[in-house]
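The values are calculated or read from the model by the stated rules, or taken from the named source; none is laboratory data. Computed from a prediction, not measured in an experiment: that's the story for all the values here. Heads up, the Cβs are rebuilt from the backbone with ideal geometry, glycines too, and the neighbour counts pull from every protein chain shown.
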Amino acid sequence: MDDGGLYADVNLEFDGDRSEWLAHYERCGDRALFYYLINHEDDPDIVPAAYDRICSCLAALPPEGRLPVEPPRDAAAVEALAGAYPLQFEVQGREQAIELIRQYAPAALLEGCWLQNVSRAATCHTEVTAHLFSIYAGCIGHGDAAGHAGNRYRSLLRRFGIDLPPVTTQAFSEHPELLYAAFHAPVVQLCLSLFPRVFLPELIGFTLAYAYATPVWLQLCSLQPDLTAELPDRASVDRKRHTAGLALQAYVAGRGAVSRQAGWQRIRRGVALYRWAELDLSKRLKERLNRPSTPRDKMIALLRQKVPYAHGHHRAACIGGKRIDDWFSEDPFDAEGFLDALARSEFVASKAPVKSRLLTDLTDFGGPMFRIFSKKERTIIQDWVKSLSDQKPPVRTQAAAPTCPPTGRTYAVVPIHDKERGHDSMDIRQLFYRLVNSDLFPNVLPAAKRVVSRHLSKSSARLNRRLPSLRRFFPYTHGAFQARIEELYEKELNAYRPFEPPPRLNRELYVWGIEQLAPTVLVDGCWLQNIAQAGSSHSRLAAALFRIYADEVGNGHTRLNHPNVYRRLLESLSIDLPPLDDPAFSAYPGFLDAAFDLPVYLLAISHFPKTFLPEIIGLNLAIELSGLGARYMRLVDELDHWGIDSTIIRLHISIDNVAGGHAAIARDVVGLYLDQVLACSGEVAMQQHWRRIWTGFLSLNSVSKRFGLAMLWHYAAHFALPHWYRRMVDTLFTPGAWL
């Protein structure tokens with residue numbers, strides 16, 4: 001079994017001169033990076049900046065002298081590696097508890113996010129990945145939204161009356177009540193998540209430290225009797241720690257002494273990285289709680305929140321001898337200087353605060369800033385003006401440098417010109433290789449998006465053609481959809497006839513067909529590999545689809561991993577293929593070129609779970625329904641007759657059932673998604689999204705068509721058995737029947 005490149009030195013590759021990529025980025029802080037990273041599907045240009053950031057952070061970490069110089073060999077040694085952190089400060093009263101819970105939100109809502117990309121087509125079958133994936137699945141509730149760590153934290157926020165915007169929005173990353181330092185740790189985690197193979201040892205070390213550490217907010221809960229319900233149960237904590245230890249042991253097993261030592265040094269850096277991130281936030285919170293936010297602090301935060309939208313609205317108005325618009329156009333904005341000038345201006349009456357123009361004719365009805373500030377924000381302004389009457393003149397000091405490791409550069413994303421079109425000149429085999437290794441070739445994603453758009457455009461055009469009755473488009477209602485699913489299933493089930501030997505195809509043809517299906521089946525589940533990303537994994541829809549993906553990759557057990565089941569089948573037939581992520585696999589001369597059409601489409605669409613969500617839902621429905629009934633049962637009969645292991649087919653007969661298996665989940669997801677669209681956008685929008693779902697449903701068949709024709713042509717050229725053509729295609733290549 002190949003190792004998915006996990007045990008070799010893996011480097012990231014950017015096409016062209018990497019400095020050209022970085023030249024497109026300008027300085028920005030962790031708030032902006034957080035927003036771009038959590039929405040990286042919409043801003044793929046963040047990838048080089050993320051790589052630069054994580055490299056700089058790791059290089060700047062101080063030496064961690066307490067860590068052992070050799071990998072731990074047992075559970076006790078692993079536990080000594082990363083113990084729980086003591087509470088760094090005392091929390092006094094409800095107000096401080098609320099502040100602590102609020103500041104931990106950016107990290108706690110994304111718990112486990114550094115592992116969100118660890119399970120990929122190239123790596124999901126390996127022991128290391130299986131263990132790390134199991135930990136991530138636990139963080140997001142194993143496909144149960146109620147058990148999602150982020151959802152538990154949302155419950156905690158509600159209990160304290162803390163109202164924050166959705167974590168994927170710019171309003172969250174710019175929220176004035178969240179400290180800048182609150183975004184350091186999640187930014188590092190999101191950067192780390194984009195390169196699971198490049199930084200695999202660091203990822204293992206980071207996960208080890210996470211498994212054994214207890215964040216400050218959890219320590220707070222343990223000290224409050226009314227919050228103990230928020231604590232994870234002991235069994236889940238022990239399981240997480242045990243699994244993290246298994247990931248470590250799987251990584252070092254079988255490595256030579258030099259390689260093991262080098263890997264262990266990087267694992268130690270991962271442990272140190274987690275400790276830095278956790279302790280840095282604790283230090284900042286201690287400073288914050290020991291120095292409660294003043295009216296001036298709140299006013300400065302309010303100014304910084306409003307200034308991006310204020311430039312250009314003040315004409316010739318001046319403060320402190322300078323035009324207000326000139327103040328606001330400066331980068332960075334001098335909030336403290338502006339506030340001091342405002343305090344001395346005609347707009348503020350410090351001796352009679354309530355009469356200040358800033359609180360009356362400027363912001364009242366008819367004033368130029370009416371409704372610019374909410375009721376809560378007007379209170380902040382009022383408190384600041386009142387504080388001026390008994391406040392000493394502020395002493396301007398240089399702001400303290402942040403304690404995070406220097407990154408060398410920070411960047412704001414701007415569009416990168418479409419130089420990636422060079423990927424369009426690749427043949428299908430080269431594209432497959434790069435998509436399987438997309439974490440190492442991030443520049444392939446624009447080409448992947450164009451591949452998906454082309455296929456969906458062709459499938460959309462088929463909606464207006466005369467198709468077989470069960471594939472024709474129809475207006476959506478719950479009843480009509482349910483009836484169509486039942487009709488599709490019953491037709492397949494009723495088509496089965498008891499097996500009467502001999503099979504329709506001989507054993508040689510089956511073996512050849514199984515070899516041709518390898519590029520597709522060895523990426524089984526990949527169309528859902530990005531469905532549970534940070535910021536969306538907490539939803540019921542993502543949780544349901546994640547259950548399907550988790551089953552496909554074995555739920556943390558390599559023996560149950562579907563691609564591994566197929567690998568055992570290939571091995572039993574003496575079909576020796578190169579590792580999936582190796583260029584030799586896509587170049588393997590025994591494959592038809594068309595054998596890569598479907599896997600390239602599945603891999604490509606997986607990278608855009610927001611852009612193509614309706615189409616992915618429809619595609620998933622087609623895959624889970626494809627081959628149910630007669631085709632599956634006939635395949636089992638004929639494979640068994642020839643002494644060919646039919647486990648992969650039996651597995652899908654069981655797991656894809658419409659009673660409660662994958663087909664049932666896929667069906668229910670359609671209803672759940674369209675109900676959400678109906679509630680938010682109405683009937684017309686729902687029908688438009690339904691059309692997109694059905695386009696995705698039809699795409700499975702249309703993308704697979706060239707492969708079917710190529711199989712026919714091969715038989716015509718090599719076997720000259722025309723009467724077997726249609727039998728072979730119907731038996732061996734029902735799209736999705738092996739997935």
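Some points to look at:
- Count of residues meeting criterion [surrounded by fewer than 22 Cβ atoms within 10 Å (Cβ to Cβ) and part of a helix (DSSP H, G or I)] in segment 532-543: 2
- Where a residue in segment 371-391 is closer than 16 Å to Ile300 by Cα and of a type outside the set (A, V, I, L, M) and its partner, wherever it lies, is at pLDDT below 75 and loosely packed, with under 14 Cβ neighbours inside 10 Å, with Cβ under 8 Å and at least six apart: Gln382/Val354
- Here Leu463 meets each of (1) farther than 26 Å from Thr126 by Cα; (2) at pLDDT 95 or above; (3) of a type in the set (A, V, I, L, M); (4) more than 18 Å from the chain's Cα centre (by Cα) with one exception, condition (2).
- Residue tally, condition more than 28 Å from Val128 (Cα to Cα) and part of a loop (DSSP other than H, G, I, E, B), over segment 246-292: 2
Here is a yes/no grid of residues against (1) in a helix (DSSP H, G or I); (2) aliphatic (A, V, I, L, M); (3) modelled with pLDDT under 85:
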site: Lys376; (1), (2), (3): yes, no, yes
site: Val395; (1), (2), (3): no, yes, yes
site: Thr403; (1), (2), (3): no, no, yes
site: Leu435; (1), (2), (3): yes, yes, no
site: Leu440; (1), (2), (3): no, yes, no
site: Pro446; (1), (2), (3): yes, no, no
site: Val451; (1), (2), (3): yes, yes, no
site: Leu456; (1), (2), (3): yes, yes, no
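- Filter result for Ala349 (at pLDDT 75 or above and in contact with a strand residue (DSSP E or B) (Cβ under 8 Å, 6 or more places away or on another chain)): no
- Out of Asp551, Asp524, one residue alone is of a type outside the set (S, T, N, Q), at pLDDT 95 or above, within 18 Å of Arg120 (Cα to Cα) and surrounded by fewer than 23 Cβ atoms within 10 Å (Cβ to Cβ). It is Asp551.
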